[in-house]
1. Between LEU20 and VAL6, 0.36 nm times their residue separation minus their Cα-Cα distance comes to what?
2. Each label point is 7 Å from the Cα along the Cα-to-Cβ direction; what then is the distance between the points at ARG146 and SER43, in nm?
3. Taking the Cα centre as origin and putting +1 on Lys and Arg beta-carbons and -1 on Asp and Glu beta-carbons, what dipole magnitude results for the chain, to the nearest 20 debye?
4. Where does each of PHE16, PHE26 land when they are ranked from fewest to most other beta-carbon atoms within 10 angstrom?
5. List THR108, THR3 from most exposed to least, where exposure is judged by having the fewest other Cβ atoms within 10 Å.
6. Taking only Cα atoms, what is the 0 to 90° angle, nearest 10, from helix 82-111's long axis to the longest principal axis of the chain?
7. I need PHE88, PHE31 ordered by Cβ neighbour count within 10 Å, fewest first.
8. Tally Lys and Arg at +1 and Asp and Glu at -1 over the other residues with C-beta under 12 Å from the C-beta of CYS137: what net charge comes out?
Amino acid sequence: MHTRYVRFLRAVLVLFGAGLAAFAVFLLPHFAELAARHYTELSYLKIPILIFVYLSAVPFYVALHEGVQICGSILDSEPFSVRNRTAFRRAGICALTVSVWYLAGTLTVLGLGVERPIIYVVGVLVTCCALIFSLLCAVLDQLLARAIELREENELTV
C-alpha cells in the first residue's frame with residue numbers, strides 16, 4: 001500500500017523538477033526581458049538576476065535528486081539506511097545553501113536601493129521555505145539515526 005504513495009511522491013518530484021527546468025529555460029528569460037523593458041531603471045539587473053537564479057537551481061536540483069534517491073531506497077525496502085541519512089543531510093545542506101544565497105541576494109538588491117517590493121517578498125519567501133526545509137531534513141536525519149540505532153540494537157538481541 002505505501003509503495004503507491006512513495007511512487008507517487010517520486011513521480012511528483014521528477015515532474016516538478018522537469019516543470020521547473022522547462023520554466024527556467026523557456027519562460028524565465030522571456031519574463032526577465034519583459035521586466036527589463038517595463039522597469040527600464042532596473043534593466044541592468046536582468047542578467048545578474050538570471051545568473052543568480054540559474055546558479056541557485058544547482059543545489060535545488062541536488063536536493064531534489066536526493067529526494068528521488070530516498071524514494072528509491074524506500075521502494076527497495078531499505079528505508080533505515082545510512083545512505084538515506086546522508087541523503088537527508090545533503091538535501092538539508094543544499095536547502096540551507098539556497099536559503100543563504102537568497103538572503104544574501106535580497107540584501108544585495110536592498111543595498112542597491114531597488115524599490116520593488118515583489119523582489120523582497122520572493123526573496124524572503126524562498127529564504128524561509130528553504131530554511132524550513134533544511135530544518136526538516138535535519139530533524140529527519142536525527143530521527144533516522146535513532147531508528148537505525150534501534151534496529152541495530154534489535155538485531156543484536158535476536
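Since every read-out is calculated from the coordinates, none of them should be taken as a lab result. From a predicted model like this one, the values you see are computed outputs, not experimental measurements. Cβ coordinates were reconstructed from backbone atoms using ideal geometry, including for glycine residues, and neighbour counts include every protein chain displayed.
1. Going from the current span to full extension adds 3.0 nm.
2. 5.8
3. 280
4. Fewest-to-most Cβ neighbours within 10 Å comes out as PHE26, PHE16.
5. Least crowded to most crowded, the residues run THR3, THR108.
6. Taking Cα atoms only, the helix is inclined about 20 degrees.
7. With the fewest neighbours first, PHE88, PHE31 line up as PHE31, PHE88.
8. Summing Lys and Arg as +1 and Asp and Glu as -1 gives +1.
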